[in-house]
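In what follows, a structure is listed as structure tokens, so that the remarks can point back to it.
The values are calculated or read from the model by the stated rules, or taken from the named source; none is laboratory data. Being a predicted model, the structure only gives us computed values, none of them experimental. Ideal geometry is used to build each Cβ from the backbone, glycine not excepted, and the neighbour counts take in all protein chains shown.
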Amino acid sequence: MNERNTAINNVVSKEGNRLFDFIESRVPTYEDAEDILQDVLMQFVASFDSIISFERVLAWLYTVSRNKITDMFRKKKPISESEYISKEQGDELQNIIADIAINPEDRYEQMFLENEIENAINTLPEKQKEIFILHEIKNKSFREIADSTNESINTLLARKRYAVQSLRKQLIKSYQEILEISK
């Protein structure tokens, strides 16, 4: 029993920090990473006797970690795209639109900006454009889109993120022009 505990302690002390970094880079919060690491290590201790070699231990730890991360995302309620954008990159597109008050003097600026946004959306790659329109304009949830397109939610989130980044780059000049005009 002592040999077993020593072996487990050696693995955890050698690989614990790297495993935690691996998990933390794939989950939204530090607390989620701690929870997953704890679950993985508890399962590791319980299954230690069935794992044959050190190489298999590492593969086993990372495989179980990936599975726990996937399970966490399946169990959690889906985050809204506005939360996702805010966490990942800020919500510039909504800030741009919100900055323009709707009064008669600003109507031209709003129409100009709407036209610029529409043109920018039309320049997106087809799959990014599709996910952006389905989610932002047609108000479809990522789950609905995933079900109808047979794509994973993570793939859809990535496409949406790239679309927003591209739109931000394209629209920043237009936004700056509007700010200059309104001064």
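Would you mind finding the one in Glu34, Glu81, Glu24, Glu15 that is at pLDDT 60 or above, closer than 20 Å to Thr155 by Cα, of a type in the set (Asp, Glu) and surrounded by 12 or more Cβ atoms within 10 Å (Cβ to Cβ)?
Numbers: Glu34 fails: closer than 20 Å to Thr155 by Cα; Glu81 fails: at pLDDT 60 or above; Glu15 fails: closer than 20 Å to Thr155 by Cα.
So the residue among Glu34, Glu81, Glu24, Glu15 that is at pLDDT 60 or above, closer than 20 Å to Thr155 by Cα, of a type in the set (Asp, Glu) and surrounded by 12 or more Cβ atoms within 10 Å (Cβ to Cβ) is Glu24.
Please go through region 136-157 and pick out each residue that is surrounded by 16 or more Cβ atoms within 10 Å (Cβ to Cβ), closer than 21 Å to Val27 by Cβ and either assigned by TED's automatic domain parsing to the domain that holds Ile69 or touching a residue at least 40 places away in the same chain (Cβ under 8 Å) (or both).
Selection gives Phe142, Ile153, Leu157.
What about Lys160, is it modelled with pLDDT of 85 or more, buried (at least 19 other Cβ atoms within 10 Å of the Cβ) and basic (Lys, Arg)? It would help to see each step written out before you state the result.
Details: modelled with pLDDT of 85 or more: yes; buried (at least 19 other Cβ atoms within 10 Å of the Cβ): yes; basic (Lys, Arg): yes.
It is true that Lys160 is modelled with pLDDT of 85 or more, buried (at least 19 other Cβ atoms within 10 Å of the Cβ) and basic (Lys, Arg).
Looking at region 101-108, is at least one residue surrounded by 15 or more Cβ atoms within 10 Å (Cβ to Cβ), out of contact with any His (no Cβ under 6 Å at 6 or more places or on another chain) and modelled with pLDDT under 65?
In the first step, residues of region 101-108 are kept if they are surrounded by 15 or more Cβ atoms within 10 Å (Cβ to Cβ); the result is 106.
Checking which are out of contact with any His (no Cβ under 6 Å at 6 or more places or on another chain) leaves us with 106.
Narrowing further to those that are modelled with pLDDT under 65: 106.
Yes.
Scanning region 128-157 for residues that are modelled with pLDDT of 85 or more and under 16 Å from Glu114 (Cβ atoms), which turns out nearest to the chain's Cα centre (by Cα)?
That would be Phe132.
So is Lys76 modelled with pLDDT under 75 and either more than 15 Å from Val11 (Cβ to Cβ) or surrounded by 18 or more Cβ atoms within 10 Å (Cβ to Cβ) (or both) or not? Step through it out loud before you land on a result.
Working: modelled with pLDDT under 75: yes; either more than 15 Å from Val11 (Cβ to Cβ) or surrounded by 18 or more Cβ atoms within 10 Å (Cβ to Cβ) (or both): yes.
Here the answer is yes, as Lys76 does meet what is asked.
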